[in-house]
Amino acid sequence: MRYRSTSGKAPLTSLRSAVLRGLAPDGGLYMPVEIARHSPEELEEFRRLPFTEVCYRVVRPFAGAEVPDEMLWQIVSEAINFPVKLVSLSPGMHILELFHGPTLAFKDFGARFMARLMAYFVREETRPLTVLVATSGDTGSAVAHGFLGVPGIRVVILYPSKRISEAQEKQFTTLGENITALEVAGTFDDCQRLVKQAFSDSALNQRAFLTSANSINIARLLPQMFYHVAAYRQLPVASVPLIVSVPSGNFGNLTAGIFAKRIGLPVARFVASTNVNDVVPEYLRTGEFHPRQAKATYSNAMDVGSPNNFPRLIDLCRNRLDNVRKEIWGHPATDEETLAAMKMIHERFGYIADPHTAVGVLGWEAYKREHPEPSQGLVLATAHPAKFAEIVQRAIGSAPPLPDRLAAYLKRDKLSLPMSNAYEDFRRFLLD
Ligand SMILES: *Cc1c(COP(=O)(O)O)cnc(C)c1O
């Protein structure tokens, strides 16, 4: 499979180079040149075959001849080694729990797959590949766990000292092995600046083999098709259209949903469920796209003012607003609505939703109000409620049970190294 840039000015390239580059040289995002549909017979088989086998069949065409069959099989089976659970709150409303991976959020799918694919692509390099990540919290842990123990790759995570929660910090600073956490005396913006400066330092890049692992990487997007397959396998067969509500920030998750629809999975429409950072719902309403500074909310993994997968989203709709509107309906929610929804979901269904999932439920309910014709709703549950225990406590009056995995990290010692916010210090560290 060849990959093209959404900006259309970069040459077609291989999956390997799309994955190691991240961003295309013309500033666009990489897209496969074609997305093939599976036949109805094969889709029917998807319900019966083992999940790993189906994931493998879904991603196989996107890798083409570049990754041998056995290797791709190994990558898929190692990456997706945790379940996707469907919980039906009512006959017409289902929750798809994507948070049973090591960091209790859906980003585990993308990070684990990307790490293993990158390791394969750099297997013959003599220099170790260094993955640089600046994090304000959750991306750091998903990426760190994704790459933990993967040979030939080291990960350097920069995070702002004293500006993230202890639970977040402990999840990626206690790992050791090939994961180094740098506790930067500065802000998240300082961390991002240091990483950017390193990538644009050509002398440094000749001596060190650097790459990034951010959410625009095509290798993070492809495995996010897997859970739409998981939903398709577990949902009761129904004659009414399926509406999928996706709690969204950078819109990688929703974009992957459209990929899944293009390969043939039956989804009638997606709901772009956001918090007050509503650039995309606003675009759907007015036709105008105005990125702006993000505002802080309870669903902080979606505090994105400039959604970076937007070019892919509209590319999949041939860059036409009317097509985008046919595919996606948008709904923003405030923090007050989110808290009230968490309380309602708990009282009515006995289910504890994290704030992101609650935003997804609000999107589905709003859709249903405006489209009363028969349909069933699927809400993607993107994070485990224990990751947002304080907000859950405020909404339902008690804290959610802490999963053993999270509790174990809290007991471990932090191994991060202190770093100033001066580029020279960071550069010296990378060359050591
Ligand atoms: C990253 C994240 C999102 C947003 O996903 P996008 O692909 O950026 O739209 C939603 N919920 C949680 C918990 C996340 O970590």
Inset, instruction - Filter the stretch 243-260 down to the residues that are assigned to a strand (DSSP E or B) and within 17 Å of the chain's Cα centre (by Cα), then identify the one that is nearest to the ligand (Cβ to nearest atom). - result: Pro247
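Among Leu402, Leu417, which is the only one that is at pLDDT below 90 and either more than 22 Å from the chain's Cα centre (by Cα) or of a type in the set (Ser, Thr, Tyr) (or both)?
Values: Leu417 fails: at pLDDT below 90.
Leu402 is the lone residue from the list that is at pLDDT below 90 and either more than 22 Å from the chain's Cα centre (by Cα) or of a type in the set (Ser, Thr, Tyr) (or both).
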Inset, instruction - Go through the residues of the stretch 417-425 one by one and say whether even a single one is open to solvent by less than 60 Å² (accessible area, probe 1.4 Å) and in a strand (DSSP E or B). - result: yes
Inset, instruction - Those residues that are in contact (Cβ under 8 Å) with a residue 40 or more places away in the chain and in a helix (DSSP H, G or I), I need them from the stretch 225-242; list them, please. - result: Met225, Phe226, Tyr227, Val229, Ala230, Ala231, Tyr232, Arg233, Gln234
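For residues in the stretch 266-280 being part of a loop (DSSP other than H, G, I, E, B) and more than 15 Å from the ligand (Cβ to nearest atom), which is surrounded by the fewest Cβ atoms within 10 Å (Cβ to Cβ)?
So the residue we want is Pro266.
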Inset, instruction - Select from the stretch 208-224 the residues that are of a type outside the set (Gly, Ala, Ser) and assigned to a loop (DSSP other than H, G, I, E, B) and list them in ascending order. - result: Asn214, Ile216, Asn217
Legend entry - Output for the stretch 281-314, where each listed residue is charged (D, E, K, R), under 27 Å from Ala341 (Cα atoms), part of a loop (DSSP other than H, G, I, E, B) and more than 14 Å from the ligand (Cβ to nearest atom): Arg292, Lys295
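Among the listed residues Phe99, Phe82, Phe147, Phe62, which satisfies the condition of being closer than 22 Å to Leu430 by Cβ, of a type in the set (Phe, Trp, Tyr) and under 21 Å from the mean Cα position of the chain (by Cα)? Lay out the reasoning, then the answer.
Working: Phe99 fails: closer than 22 Å to Leu430 by Cβ; Phe82 fails: closer than 22 Å to Leu430 by Cβ; Phe62 fails: closer than 22 Å to Leu430 by Cβ.
Only one candidate qualifies: Phe147.
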Inset, instruction - Write out, first by first residue and then by second, each pair whose Cβ atoms fall under 8 Å of each other, whose residues are 6+ apart or on separate chains, and whose first residue, in the stretch 296-313, is touching a residue at least 12 places away in the same chain (Cβ under 8 Å) while the second is open to solvent by 40 Å² or more (accessible area, probe 1.4 Å) and small (Gly, Ala, Ser). - result: Asp303/Ala294; Asp303/Ala296; Val304/Ala294; Gly305/Ala294; Ser306/Ala294; Pro311/Ser7
Inset, instruction - List the number of the failed condition for Gly377; all other conditions in (1) out of contact with any Leu (no Cβ under 7 Å at 6 or more places or on another chain); (2) outside any loop (DSSP other than H, G, I, E, B); (3) open to solvent by 50 Å² or more (accessible area, probe 1.4 Å) hold. - result: (3)
Inset, instruction - Scan (1) of a type in the set (Asp, Glu); (2) at pLDDT below 95; (3) crowded, with 22+ Cβ neighbours inside 10 Å for the single condition Asp354 breaks and write down its number. - result: (2)
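Can you go through Arg127, Arg123, Arg116 and tell me which one is open to solvent by 20 Å² or more (accessible area, probe 1.4 Å) and touching a helix residue (DSSP H, G or I) at 6+ places or on another chain (Cβ under 6 Å)? Full working, then the answer.
Numbers: Arg127 fails: touching a helix residue (DSSP H, G or I) at 6+ places or on another chain (Cβ under 6 Å); Arg123 fails: touching a helix residue (DSSP H, G or I) at 6+ places or on another chain (Cβ under 6 Å).
Matching residue, one of Arg127, Arg123, Arg116: Arg116.
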Inset, instruction - Check Ile263 against each of (1) closer than 26 Å to Pro385 by Cβ; (2) away from the ligand (no atom under 12 Å from the Cβ); (3) open to solvent by less than 10 Å² (accessible area, probe 1.4 Å) and name the one condition it does not meet. - result: (1)
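The values are calculated or read from the model by the stated rules, or taken from the named source; none is laboratory data. None of the values given here were measured: they were computed from a predicted structure. All Cβ positions, even for glycine, are placed from backbone atoms using ideal geometry, and neighbour counts span all protein chains on display. SASA here: full protein model, heavy atoms, side chains in, ligands and nucleic acids out. Shrake-Rupley method; radii C 1.70, N 1.55, O 1.52, S 1.80 Å.
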